[in-house]
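See below for the structure under consideration.
The values are calculated or read from the model by the stated rules, or taken from the named source; none is laboratory data. Note that the structure is a prediction, hence the values are computed from the model and not measured. All Cβ positions, glycine included, derive from the backbone under ideal geometry; neighbour counts span all protein chains shown.
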Amino acid sequence: MYELVHLRNGQTEHRDVGNFFVDGNAQPGMADFQCVQRVDHTHDLAMFVASALDVVDRSEHEVALLQHYLDHLERLGVLRPSFDGVWLGYRRHLLYALVVWLFTTDRFQPELHLVTNVFRYGTAALDLDAIGAIAEGTTS
């Protein structure tokens, strides 16, 4: 998973690092520790699109949203990544998102958020063959 997120062609962005912990008395805690690091741009696309939209809206609009994202990058003068590379990275990062939410407990997030995000990420990962995407080529 680490290699999937931290790619050589990444963008600089905010990251949370080790926010949740359990102390010596088995009590959960949170330290909002943030940093800047380079990650693949498709990581945030997958995390945001698949969690922000319900399953029906995501499946209906995700391709258009990713195209819009690429169009906007180009308008800003950023070298436009290929759609195929973005689509592959998007599909791969759904697995990361799913794993993160599967290991998040109701000590840290309300149960409704947990269930909703696991359902949305899991459905997207199945719909888009995220496991198969891991075996495919590289992202761009």
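In region 111-140, what count of residues is obtained for those that are assigned to a loop (DSSP other than H, G, I, E, B) and either modelled with pLDDT under 90 or in contact with a strand residue (DSSP E or B) (Cβ under 8 Å, 6 or more places away or on another chain) (or both)? Explain how you work it out, then say what you get.
Initial filter on region 111-140 (assigned to a loop (DSSP other than H, G, I, E, B)): 128-129, 136-140.
Keeping just the survivors that are either modelled with pLDDT under 90 or in contact with a strand residue (DSSP E or B) (Cβ under 8 Å, 6 or more places away or on another chain) (or both) gives 136-140.
The total comes to 5.
Mind listing whichever residues of region 104-134 are closer than 19 Å to Leu45 by Cβ and of a type in the set (Lys, Arg)?
Once the filter is applied, which keeps residues that are closer than 19 Å to Leu45 by Cβ and of a type in the set (Lys, Arg), region 104-134 yields only Arg120.
Quick one: which of Asp57, Asp40, Asp71, Asp84 is charged (D, E, K, R), touching a strand residue (DSSP E or B) at 6+ places or on another chain (Cβ under 8 Å) and on the phi < 0 side of the Ramachandran plot? First the steps, then the outcome.
Details: Asp57 fails: touching a strand residue (DSSP E or B) at 6+ places or on another chain (Cβ under 8 Å); Asp71 fails: touching a strand residue (DSSP E or B) at 6+ places or on another chain (Cβ under 8 Å); Asp84 fails: touching a strand residue (DSSP E or B) at 6+ places or on another chain (Cβ under 8 Å).
That would be Asp40, the only listed residue that is charged (D, E, K, R), touching a strand residue (DSSP E or B) at 6+ places or on another chain (Cβ under 8 Å) and on the phi < 0 side of the Ramachandran plot.
Of the residues Ser59, Ser82, which single one is farther than 30 Å from Pro28 by Cβ, in contact (Cβ under 8 Å) with a residue 60 or more places away in the chain and over 15 Å from the mean Cα position of the chain (by Cα)? Lay out the reasoning, then the answer.
Numbers: Ser82 fails: in contact (Cβ under 8 Å) with a residue 60 or more places away in the chain.
Residue meeting the stated conditions: Ser59.
Does at least one position in region 107-129 carry a residue that is surrounded by fewer than 16 Cβ atoms within 10 Å (Cβ to Cβ), farther than 15 Å from Ala52 by Cβ, free of Cβ contacts under 8 Å to residues at least 40 places away in the same chain and of a type in the set (S, T, N, Q)?
Taking every residue of region 107-129 in turn, at least one turns out to be surrounded by fewer than 16 Cβ atoms within 10 Å (Cβ to Cβ), farther than 15 Å from Ala52 by Cβ, free of Cβ contacts under 8 Å to residues at least 40 places away in the same chain and of a type in the set (S, T, N, Q).
Within the set of pairs 6 or more residues apart or between chains, which connect a residue that is closer than 19 Å to Leu126 by Cα inside region 37-54 to a residue that is surrounded by fewer than 22 Cβ atoms within 10 Å (Cβ to Cβ) and at pLDDT 90 or above with Cβ atoms less than 7 Å apart?
Leu45/Leu66; Leu45/Tyr69; Val49/Arg58; Val49/Glu62; Val49/Leu65; Ala50/Arg58; Ser51/Asn117; Leu53/His61
Which members of region 130-140 meet the condition of being among the hydroxyl-bearing types (Ser, Thr, Tyr) and exposed (fewer than 14 other Cβ atoms within 10 Å of the Cβ)?
Here is the first cut: in region 130-140, the ones among the hydroxyl-bearing types (Ser, Thr, Tyr) are 138-140.
Matches in region 130-140: Thr138 only.
Is it true that some residue in region 89-102 is under 29 Å from Val22 (Cβ atoms) and modelled with pLDDT under 90? Spell out how you get there, then give the answer.
From region 89-102, those under 29 Å from Val22 (Cβ atoms) are 93-102; that's our starting set.
Retained after the next criterion (residues that are modelled with pLDDT under 90): 96, 100.
Yes; the residues of region 89-102 include at least one that is under 29 Å from Val22 (Cβ atoms) and modelled with pLDDT under 90.
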